[in-house]
Amino acid sequence: MDESRRDRDEEGRARNARPRDGLGRPLPYGTPGVERQPEGVVRSPGETVREAQRLLDAGMPFHAHEVFEDAWKSGPDEERELWRGLAQMAVGLTHAARGNAAGGARLLRRGAAAVEGFRTADPHGIGVDGLIGWARELAGRVDPSGSGGAEAAGPQEAAPAVDAAAEAPWLRRGDRPGE
């Protein structure tokens, strides 16, 4: 790549300015894309949950992951694992929606494990127990072998992509019908 054409931000750091689709995949320059999430936004926990839920409901889990990542980086140390785990679950849903079953399942399981310590607390009204169940159930559906793609039986077939909006979790406890 021609170094003079690299995308840079105001401080000179490399930033990819290519347009993206709703699942965060890069599109060719000049192609209309989905507006990217601004980076480094400091939100209250309630604002974080509301914005992430809006993006998840819209089938944009990659963008929701960026919202959780902002909370992870700017929030108190004692909540970093919560926000990191939620970001991993959102990226897991992103990969599953892109048809990457092994990567999606691995990240869904990793995110569920990261939030285990918050299971009984439901911080900020987040239904942690329900999210753990959702992530593990979806991981089992998209990669039922549970191997993360490590089968020795030969090349894997591409997994069918899941519908990100239809599979979006409810973040707040009590938001699911019947809870």
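The values are calculated or read from the model by the stated rules, or taken from the named source; none is laboratory data. As the structure is a computational prediction, the values presented were derived from the model and not from experiment. Cβ sites come from the backbone with ideal geometry, for glycine too, and all protein chains shown count toward neighbours. Just so you know, the surface numbers come from the protein's heavy atoms only, side chains and all, with ligands and any DNA or RNA stripped out. Shrake-Rupley method; radii C 1.70, N 1.55, O 1.52, S 1.80 Å.
Expressed per residue, the C-alpha convex hull volume of segment 49-93 stands at 51 Å³. Charge tally around P26: other residues with Cβ under 10 Å, Lys/Arg +1 each, Asp/Glu -1 each, net +2. Note on S145 and A58: the model spin-label points, each 7 Å out from Cα along the C-beta direction, lie 3.6 nm apart. Scanning residues 5 or more positions from R172 or on other chains, those with amide H under 5 Å from its amide H are G127, with H placed 1.01 Å from N in the peptide plane.
Taking all protein chains together and rolling a 1.4 Å probe, T120 ends up with roughly 140 Å² accessible.
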